[in-house]
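Let me begin by presenting the structure, written as structure tokens, before commenting on it.
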Amino acid sequence: MAQRRPTSRGLYAIGERYADAYYPDVLAVEDRPAANGKHDTISSIGFGIAVAERSPKTRFTMEAESETAGYLARKNLIAIRNVDGVLIAVIEIVSPGNKSSKKRMQRFLKKTLDFLDQGVHVLVIDLFPPTPRDPSGIHHAIWSAYDGEFEFHPDKPFTLASYMARSEDAIAKAYVEPIAFAEVLPAMPLFLWPNRYINVELETTYASTWAAYPAPFKPKLG
């Protein structure tokens, strides 16, 4: 009998309104079946890719363990919740406003760290150059809270970083991909459970969104 392919049933992604304006972002994800076919619990449901089976393909992998106090700053983001409304993961797309002042930068960092400390996985997409508020990039600013080190690459100033939140049996991990200008965006892991993730196809999503964007407004973004 053919093995039943796992699906994303039981989870949904939604743009949540944390600010005055609402700008939803849509991202494509790809799942893979589990190797053992066991889907008894939410932690081993089989949806996504087990890190033990295939580690996310990013240039750097880091681990850290820390308690960080913070609060959730108001901001638009993409939230992934289960059918009971429990927040599982978030996708943060950094804007110039996040870096426009020290206060706003600190709000972004505190919110992101608070997500991780509460067990919420985070994917950060930063396609804007470093500023005096994050001279070594957004990942260094986040990871330094865990006393972690990261070498900034000036030739690749943009950052894609996926964070697996801590849990009782797992420590926080970061999968980081520095990006250069005009470089093709790789797929990035988005964790839904400790050690299990789905792929977010960034290049495909951005290309399809740009193709559908109204032509009269494209020069304003160029």
- Query: Under a 5 Å amide H to amide H cut-off, with H placed in plane at 1.01 Å, what residues pair with Phe128 once short-range neighbours are removed?
  - Reply: Thr159
- Proxy exposure order for Phe115, Phe60, Phe191, Phe217 (fewest C-beta within 10 Å first) is Phe217, Phe60, Phe115, Phe191
- Query: What is the spin-label model distance, in nm, from Leu127 to Asp147 if the labels are put 7 Å beyond Cα along the C-beta direction?
  - Reply: 3.7 nm
- For Arg166, residues with placed amide H under 5 Å, excluding near neighbours: Gly119, Ala172
- What list do you get for His121, His140 if you sort them by fewest beta carbons within 10 Å? His140, His121
- Message: Order these by the 10 Å Cβ neighbour count, fewest first: Lys111, Lys156, Lys57.
- Response: Lys57, Lys156, Lys111
- Report, to two decimal places, the Cα Rg of region 85-222 normalised by 2.2 N^0.38 Å (N = number of residues). 1.08
- Query: Going through region 77-157, which GluC sites (Glu not before Pro) have at most 12 other Cβ atoms within 10 Å and a DSSP loop state?
  - Reply: Glu149, Glu151
- Based on DSSP, what percent of beta bridges with both residues in region 69-222 are antiparallel, to the nearest 5? 80 percent
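Readers should treat all values here as calculations from the given coordinates under stated rules, not as data from a laboratory. Keep in mind the model is a prediction, meaning the values are calculated, not measured. Neighbour counts are summed over all protein chains in view; Cβ atoms, including those assigned to glycine, are modelled from backbone coordinates with ideal geometry.
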